[in-house]
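Have a look at the structure below before the remarks.
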Amino acid sequence: MPARTVFTHCGRMDHGGCRLKVSVKDGRITSITGDRQGYLNAGYSCAKGRALAEVHESPHRLKTPLIRAGDRGADQWRQTSWKEALDAVADGLDRVRQRDGAKSVAFCQGMPKGLEHFALIRLANTFGSPNLVAVQDVCHAPRELTGRHMCGFYPVADMHGKSELVVLWGSNTRATNEEGIISSLVLEKIKNGAALMVIDPRKTGLAGRAQYHLHLRPGTDCALALAFLHVIINEKLYDKNFVREWTIGFEEMADHVESFDPGWAAGITGVDADLITRAARAYAGADPACTAWGNAVEQTPEAFDTIRCLVSLMAICGNLDVPGGNIRAAEPRLMPPGKFVRADLVPEKRTQYLNAYYGTSEKLMTVPPAFFRKAVIDETPYPVRAAYMQCTNPMLSYADSQTTRKALLKLEFFAVSDVVMTPTAALADVVLPAASQFEFDDIGHYGLGHGIILARPMIVDPPEQCRPDLAIINDLGRRLAGPELWFDSYGQMLEALLAPSGLAWHSFAQKGFLKGEKTRRQYESKGFSTPSGKVELTLTDAESLCASALPQYGEPPGKPDQDFPLLLTSAKSPNYLHSSYRWIKSLRRREPDPTVQVHPETAQTLGIKQGREVRIETKHGAIIQRAEITSKIRPDVACASHGWWFPEKGALSEESWLRSNLNAVTSSEERGKQFGTPRLRGIPCRLVPVKNTEAKLMSS
């Protein structure tokens, strides 16, 4: 049989977006390369994307449904049929619903990878539960929702318009796809004359090409942004027409930032005051400037105020909704997400879901993991006793792994769909073998606010007993809510979503992607979608958000001290997606061990040697990683690897999931009010060299 070539988009190695050219022969993938016609990648591909054939063929794959046969966590299973497995999941969830009500069942998702996220929301809604647990508290929601509070939309970086300056604020596009922003687009802007500013505690690859690199301490972004506002307002560098016509609260903002000068910020951020001033002037002087912001700005309890400062900068400098700035991305003509997920079936969601008890922003529609665990362990504000989980590994991805384990063990019933046996799946009652990338038809970037959707057509058959999450959810929906609310096959979901575009799935797959209509400066005719119709530098709804009208800077309650003198942070790996794919040989060769980056001066002071094991200690516990000594990190910062577990040691072994897991030394006790965000950046820590005879971990 001759080889054939299929074009698709990467999707389960990050949010996806790289158009790939895949060669297939005799049912096997023979090559994967980036396609030069890719709208987001223009030929670029990364090691993760090129390793997707190994995912398909890996011997580590789960290949049959499993039902627990012994005590939870005893690693005793019996193989079963799909019918029995799905019946067991449906019975377990329904039993709790009948006894305690639908809200006592949670539906859990990791980072959205495709349409499965919205299908799971539909499953929760048709089941009757308001509790869709996800990681939006530290990923996407703070940026999107703060933007909606302030200007009525999510300000997306326009990577296809001409910019005079690109700001990468906590975003390393050479290591990860920040939701549609791939390094090839940044490099193209630079090639076309754009200057580059990088704001990052590390000297990333792109920082080496930047005119401005602000090497700040992790978790101090809010102080830096306030100082930018001080310089721009004091020196009258702002867009006076836009400020006058399209903002409210500017005078109050001007008074508020008067004390936040670069000298003040330098003492907090560690960035030279003169560099702060020059960088602020460069941002204000660019026409336009485009800010590509990453998860780093979202991963502290101060995320809301930090992002308010960044949106304020976009606004007062005239960079909102202009070509080459930060735009309102119009979506293609599709079924609206609210209709797709059947939001009409849970009209009381905002008063019934767990978030209502904690008073988060009403725009946050997913439940932060910390609230989910409180409901399981403490039964606050009401008990959650069962869960269904897909595309997630909470034992590694939720802050405070020990508490996560305690919650999972207390659940009366939970089921997991995944590609391999993870530390989370190993504690479940039912484990379902999922299909992975290239093994089913899917749509990428739907509902993410980027103004684009991407076709991901099926290329090869999955292993015989592996099924797409979309198909699993559809079958569970038919059992739990009735066939009238679901579809005959998961392919009908795709057709229904695409129907308003006039395209059938096959035609869309051939086309490759759909974009929304390109419109800019819509505010000139419609105003901004806020209570005032303008960009709200002072928030009209501040009281309901339990926030101040203007962004505040508050010193973190935990600061470095004699016992914990360093600040701990982390960065996404270019070789893995959070906790996924340590079982892929080519990727493991590229990054065989978890490492903590340490500055040479710090290493010398502490007696740390290159490649030797180091114990990373915080007030919450300790883990072990190998030292990577590099001048690319600040002397007062340690940058650890996150998401690490060791599949070769078994999913249940503490040596596997606890030894090097960054979330074993984080906590969720301190949280932001608006989004429930814990502190994952700027955690006081210390580093201790591990002697050859000493490898025991501490825990608390």
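No value in this document is a laboratory result; all are computed from the given coordinates. Since the structure is predicted, the reported quantities are computational estimates derived from the model, not experimental observations. Every residue, glycine as well, gets a Cβ built from its backbone with ideal geometry; the counts of neighbours run over all protein chains shown.
Shape call for the range 4-57 from the C-alpha gyration tensor, a ≥ b ≥ c root eigenvalues: rounded (a/c under 1.5), prolate (a/b greater than b/c) or oblate?
The shape class here is oblate.
Calculate the translational D of the range 469-618 in whole µm² s⁻¹ from Stokes-Einstein, where the hydrodynamic radius comes from the Kirkwood formula applied to all Cα pairs, the temperature is 10 °C and the viscosity 1.306 mPa s.
Estimated diffusion coefficient is 68 µm²/s.
Any chance you could check the Cα centroid distance between the range 560-629 and the range 474-515 for me, in angstrom?
43
On the Cα set of the range 118-259, report Rg and Dmax in Å, please.
Gyration radius and largest Cα-Cα distance of the range 118-259: 18.5, 56 Å.
List every residue whose amide H lies under 5 Å from the amide H of Leu568, counting only residues 5 or more places away in sequence or on a different chain, with H placed 1.01 Å from N in the peptide plane.
Under 5 Å from the amide H of Leu568: Ala638, Gly682, Ile683, Cys685.
For the chain, what is the percent of antiparallel DSSP beta bridges, rounded to the nearest 5?
50
Using only helices, what value at 222 nm comes out for the chain when you add -39,500 (n - 2.57) per DSSP H run of length 4 or more and divide by the total residues, to the nearest 500 deg cm²/dmol?
-8000 deg cm²/dmol
Sum up the lysine pairs in the range 607-700 that clear both bars: alpha-carbon distance under 17 Å and a spacing of 8 or more or different chains.
4
For a quick check: sort Leu454, Leu206 by the number of other beta carbons within 10 angstrom, fewest at the front.
Ascending number of Cβ neighbours within 10 Å: Leu206, Leu454.
For a footprinting-style exposure proxy, rank Asp488, Asp441 by other Cβ within 10 Å, fewest first.
Asp488, Asp441
Arranged from highest to lowest average of other beta-carbon atoms within 10 Å per residue, in what order do the peptides 518-525, 371-378, 124-131, 220-227 appear?
220-227, 124-131, 371-378, 518-525
At R0 = 22 Å, how high is the FRET efficiency between Leu606 and Glu654 if r is their beta carbon distance? Nearest 0.05 is fine.
0.25
Send over the per residue convex hull volume for the range 95-201, Cα only, as a whole number of Å³.
146
How large is the convex hull of the C-alpha atoms of the chain per residue, in Å³?
For the chain, the hull spanned by Cα atoms encloses 147 Å³ per residue.
Please say if the range 18-144 is rounded, prolate or oblate, where rounded means a/c under 1.5 for a ≥ b ≥ c the square roots of the C-alpha gyration tensor eigenvalues, and otherwise the choice is prolate for a/b larger than b/c and oblate otherwise?
oblate
With respect to the cross-link table entries Lys25/Lys511; Lys21/Lys83; Lys103/Lys518, which display a Cα-Cα separation exceeding 30 Å?
Result: Lys21/Lys83; Lys103/Lys518 exceed 30 Å.
May I ask you to list, by number, the DSSP H helices of the chain whose Cα span along the axis is at least 30 Å and whose average Kyte-Doolittle hydropathy reaches 0.0 or more?
Span-like helices, by this rule, are absent here.
When Thr404, Thr380, Thr30 are ordered from fewest to most other Cβ atoms inside 10 Å of their Cβ, what list results?
Result, fewest neighbours first: Thr30, Thr380, Thr404.
Can you find, among Pro336, Leu537, Gly70, the residue farthest towards the positive end of the dipole of the chain? Put +1 on the C-beta of Lys and Arg, -1 on that of Asp and Glu.
Selected residue: Gly70.
Where a ≥ b ≥ c are the square roots of the eigenvalues of the C-alpha gyration tensor, would you call the range 566-689 rounded, which needs a/c under 1.5, or, failing that, prolate if a/b is larger than b/c, or oblate?
oblate
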